[in-house]
Amino acid sequence: MKKKDQEVFDFGSTVYLAGGNAIIEFTDSKEMVGDSSTPTESITPFNKKNIQVKFVKRGTSNKQPVDVMDKIYANSTLGANIAFNAKMGYGDGIMVVKKERQEDGSIKAIEQLPSEQPEIFKFLLDNNYINSVQEWAMDLVTFYESYAEFIFGTGSDKIVQLNPVESVNSRLSEANDTGDIEYLGYSLRWHEGNPDDVTITPALNRRRPLMDLKIRRGLELNLKGKKQKDNWNSYILQLMQPTPGRYYHGKPYWWAIFESGWYDFAVAIPKFKKALLKNQMTLKYHVKINREFWTKLFTQEGIDIANKEQVKARKKKFFNQMNDFLASEENAGASFVSHFEYDRVKNYEVHDIIISVIEASKTGGEYLEDSSEVTNVICYAMEIQPSLIGANSKNGSINGTEARELFIIKQAMMKPIRDLLVLPLYIVKEINKWDPDVHFVIPNIMLTTLDKNTGAEKSIGNQKI
């Protein structure tokens with residue numbers, strides 16, 4: 001048995017080599033956030049047995065949404081930022097207003113009471129619109145897309161239900177010959193392969209969803225100059241923040257933290273700190289191993305990946321070899337050779353193994369500056385001033401006036417998302433023939449100074465409520 005200082009501590013996604021004073025981290029491929037237009041195999045929908053549909057994968061493995069959520073849960077800064085942006089999108093909730101022209105020609109938005117718009121307030125309450133807005137906001141800031149389902153009553157031309165459909169479990173069908181996406185496929189098991197529980201719903205044309213819905217319901221003339229109603233009672237609208245080059249699904253700009261490597265650095269820091277506390281050792285090396293390395297190794301040595309015992313034994317042997325290599329005095333100054341590939345399409349190197357030397361600092365203060373730096377980078381990518389969510393800024397704390405102004409600016413930046421959050425209600429308004437002068441807004445929460453004896457005011461644009 002090896003001495004304690006030569007032991008290998010295997011914690012799943014991270015391995016500590018006590019003898020070599022090294023931490024091994026298994027890195028994920030950058031393909032996690034890559035785009036894909038690769039379709040699945042033809043699938044027979046659970047609710048439509050007479051057709052077969054191909055759906056476009058999200059990421060090369062079709063596990064992208066699940067993988068992204070796992071990454072978010074693994075980093076406190078990232079999780080807090082997602083929650084903050086979603087809450088800023090929600091603002092002060094949905095408000096029903098009626099626009100009226102004043103004597104001076106200006107237009108004023110008058111907040112409506114349930115007694116003044118009973119049908120609208122009943123619809124909002126029946127459909128738990130408060131919850132829907134929160135779900136849409138969370139999906140939009142995470143994936144740049146969310147989905148709204150419109151359901152018509154049987155034999156009715158009115159929308160009676162409006163539901164959120166979770167983006168993680170949604171896939172779009174491959175575009176047809178005219179470039180239109182016909183269906184959304186919903187399943188809780190997309191990440192497991194081609195599931196057998198996929199239900200499909202016709203997807204509205206996101207370029208002109210209201211007109212498309214009217215044509216499908218026989219309320220407007222189609223391109224042939226006829227009114228023709230289809231056989232569906234529910235329809236899906238993709239609420240999407242467009243990003244160049246992404247036709248099917250959005251790609252948030254903040255995902256750059258994955259492709260640039262800043263996220264891997266952010267999650268590595270607490271692992272380093274934990275290693276120092278748990279094993280009372282000073283880390284000298286950081287070893288990154290691509291998960292695909294194991295597949296290559298097992299294939300080369302004829303090891304069956306399904307044989308857990310063989311896989312476990314080979315990994316243990318590799319870790320011990322790596323530990324001995326880093327700890328042995330005989331290997332001081334020796335070279336380590338690792339193969340790598342170059343992806344000419346995505347223009348980056350894909351390494352199997354990377355060994356980095358960690359510069360030592362005084363015990364207990366390791367990586368404090370690095371941690372602050374990576375927090376600022378993640379907040380910058382997600383358009384958040386760190387001080388607004390309680391993170392330490394490298395430039396120090398900000399005063400109340402600066403915080404208030406930054407809070408106002410942040411709300412102004414959320415307008416594109418807020419417009420998407422109220423879009424489904426405008427479609428319902430048109431179909432259900434609600435008052436044309438009624439509008440739906442998400443008021444800003446305006447922080448005030450203490451001399452006004454209140455903490456906040458609500459406003460619509462420059463109009464205080």
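Results, tabulated for the structure shown:
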| item | result |
| --- | --- |
| Extreme residue, nearest to Lys158 (Cα to Cα), among residues of the range 102-139 that are among the polar types (S, T, N, Q), modelled with pLDDT of 95 or more and open to solvent by less than 60 Å² (accessible area, probe 1.4 Å) | Asn127 |
| Which listed residue, of Thr199, Thr243, is of a type in the set (Val, Ile, Thr), within 30 Å of Asp180 (Cβ to Cβ) and open to solvent by 20 Å² or more (accessible area, probe 1.4 Å) | Thr199 |
| Residue that is modelled with the highest pLDDT [pool: residues in the range 41-80 that are surrounded by 20 or more Cβ atoms within 10 Å (Cβ to Cβ) and more than 22 Å from the chain's Cα centre (by Cα)] | Pro45 |
| Residue count for the range 260-281, restricted to those that are modelled with pLDDT of 80 or more and assigned to a loop (DSSP other than H, G, I, E, B) | 1 |
| Residue tally, condition over 28 Å from Val267 (Cβ atoms) and either among the small types (Gly, Ala, Ser) or at pLDDT below 80 (or both), over the range 282-312 | 2 |
| Pair list, Cβ < 6 Å and 6+ apart or interchain, from the range 83-110 residues that are under 15 Å from Asp419 (Cβ atoms) to residues that are aliphatic (A, V, I, L, M) and part of a loop (DSSP other than H, G, I, E, B) | Met88/Met414; Gly89/Met414; Gly91/Ile442 |
| Cβ-Cβ under 6 Å pairs, at least 6 apart or on other chains, the range 181-198 side closer than 20 Å to Ser146 by Cβ, far side open to solvent by 70 Å² or more (accessible area, probe 1.4 Å) | His191/Lys63; Val198/Phe46 |
| Total residues in the range 230-255, condition small (Gly, Ala, Ser) and closer than 24 Å to Arg418 by Cβ | 1 |
| Considering residues of the range 153-170 that are of a type in the set (S, T, N, Q) and assigned to a strand (DSSP E or B) only, the residue most open to solvent (accessible area, probe 1.4 Å) | Gln161 |
| Subset tally (residues that are touching a residue at least 40 places away in the same chain (Cβ under 8 Å) and either in contact with a helix residue (DSSP H, G or I) (Cβ under 8 Å, 6 or more places away or on another chain) or acidic (Asp, Glu) (or both)) for the range 208-239 | 9 |
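Here's the yes/no breakdown for (1) within 29 Å of Met240 (Cα to Cα); (2) at pLDDT below 65; (3) small (Gly, Ala, Ser); (4) outside any strand (DSSP E or B):
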site	(1), (2), (3), (4)
Lys346	yes, yes, no, yes
Asn376	yes, no, no, yes
Ile384	yes, no, no, yes
Ala391	no, no, yes, yes
Glu402	no, no, no, yes
Val422	yes, no, no, yes
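The values are calculated or read from the model by the stated rules, or taken from the named source; none is laboratory data. Remember, it's a predicted structure, so these values are computed and weren't measured experimentally. Heads up, the Cβs are rebuilt from the backbone with ideal geometry, glycines too, and the neighbour counts pull from every protein chain shown. In case anyone asks, the SASA skips ligands and DNA or RNA and just uses the protein heavy atoms, side chains included. Shrake-Rupley method; radii C 1.70, N 1.55, O 1.52, S 1.80 Å.
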